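The values are calculated or read from the model by the stated rules, or taken from the named source; none is laboratory data. Worth saying up front: this structure is predicted, and the values here are computed from it rather than measured. Using ideal geometry, Cβ is built from the backbone for each residue, glycine included, and neighbour counts are taken over all protein chains shown.
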Amino acid sequence: MKNQAIPLVAIVGRPNVGKSTIFNRIIGDRQAIVSDIAGTTRDRLITETEWRDIKFLLVDTGGLESTDSTTSTKTQILEKVQSQVDVAIADADVIIFATDANTGITADDAAVGQKLRMSGHQVVLAVNKADNIQREADTSEFYKLGLGDPIPISAYHNQGIDDLMISVVDRLPDNNLINDLVSDVRLSIIGRANVGKSQLLNALTGDNRSIVSDMPGTTRDAIDSSISHKDKSILLIDTAGIRRRGRIEPGIENYSVIRSLRAVERSEVSLLVMDATELATGQDSHVASYLLQAHRGIVIVVNKWDLSKSLGLSKDQAKKIIREKMKFIHFVPIQFTSALNKTGLEAMLNTVFKVHTQWTQNLPRYDLRRTILNAVADHPPASNPRHGLKIYGVTQDSYGPPGFTFYVNKSDLVHFSYRRYLENTLRKTYGFDGAPLKMRFKGRGEH
């Protein structure tokens, strides 16, 4: 089976060259492709976007670093920038090296440039803050870095971004298809550090592993494992990446974030693994928000449940904690496992298949339309009857993931509370357990 792997573009550079501004300028109004998730604090450091209909993941590696550049020594700043480059080299298809026309080439720029040259990676050299004729002319100095033609831009003034992105897109892989083994479900295992992902993987693949194969055609070494459950096959995505994460140096630990996102893209259902001793942390919420953005099926797995007695914690209590702290994924089923004792695995895999069924269901068109119009009649939008929101119909655009377009008079009249009402109607009627829903509202004359 062929599966499209979205390429990854990473932005690197020293502090204060405008990486975040470049990032925001590139995604522009396309940031709506990845919707904000209520109840989470989204950081916009990693997002899926597109340029001229070519989709890719965009990463601001500078935002992945926690060191405050205003209090860091020169050595710490260089180490931080070198760490960004390590993250980018580890998994990016194209690297945007951001520099500053105002300051010219610094020692840090030269050090990073040398590292990028030696990596053999596809690099696009962006000279930011070239916001007048003189500075644009001065960008010729950056040829000294040996990274090809410097592209003068001013992210703040939205100048040169087209030229930059044409160069980036031209360097993306022409064919990023990878050969997935035929399976009934493609499953990824996702979670913050030290929740037991590797142990859970080993428990799943221990005695019933049938195939472990290198995936030709990937941009990096992804090794997937195939297991069976009740005569059905499950392809565990990027098991090498799961095992490797425990050995990543602290300075480039965010490599695992990027690799996890790519594993999620290739999967249909993701296991969101949590630690029974520390439930529903802020970091767990961040991971959950990534899964929602990707619109993959989700199963929450509370691992290390063998410690529940010593914690004095029941399953109902654990579920209550998770539901209260992570209300934005109230529709996601929760399973309990002990990877150490290999308990709870069968129930977990049964739930994976149930979620996959919900995630791929295709609703009868007439039944869907009747359900929504009845819901609108029962609870009309609260607004002026002459100038308020009117809903004329709905269609299902996709399944796996499930997506819906609601036809309305004006899309900007849709309040988030009414959107939630319609989503709850779909879930109450059709289930969609563990399946994030894509919901689009299209007004008359809108494209």
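Per the listing T395, T425, the residue uniquely of a type in the set (S, T, N, Q), under 27 Å from I334 (Cα atoms), modelled with pLDDT of 95 or more and surrounded by 14 or more Cβ atoms within 10 Å (Cβ to Cβ) is T425. Consider the stretch 50-101 and keep the residues that are among the acidic types (D, E), part of a loop (DSSP other than H, G, I, E, B) and at pLDDT 70 or above. The one that is farthest from F142 (Cα to Cα) is D53. Residues that are of a type in the set (A, V, I, L, M, F, W, C), part of a helix (DSSP H, G or I) and touching a residue at least 40 places away in the same chain (Cβ under 8 Å) within the stretch 383-437 comprise F416, L422, L426, listed in sequence order. One residue stands out among those in the stretch 82-106 that are of a type in the set (V, I, T) and over 22 Å from S154 (Cβ atoms): the one that is surrounded by the most Cβ atoms within 10 Å (Cβ to Cβ), which is V87. Just one of the listed residues (V376, V408) is surrounded by 15 or more Cβ atoms within 10 Å (Cβ to Cβ), in contact with a helix residue (DSSP H, G or I) (Cβ under 9 Å, 6 or more places away or on another chain) and either modelled with pLDDT of 95 or more or more than 30 Å from T351 (Cα to Cα) (or both), namely V376.
Please verify whether K319 is farther than 20 Å from V185 by Cα and either in contact with a His (Cβ under 9 Å, 6 or more places away or on another chain) or in the same structural domain as A203 (by TED's automatic domain parsing) (or both), treating the condition exactly as stated.
When the stated conditions are applied, K319 passes them.
Selection of the stretch 126-155 for residues being of a type in the set (A, V, I, L, M), buried (at least 18 other Cβ atoms within 10 Å of the Cβ) and more than 22 Å from L116 (Cα to Cα) yields A130, A155. For first residues located in the stretch 133-149 and at positive phi and in a loop (DSSP other than H, G, I, E, B), partners that are at pLDDT below 95 and of a type outside the set (S, T, N, Q) and lie 6+ apart or on another chain with Cβ distances below 6 Å form the pairs G146/R117.
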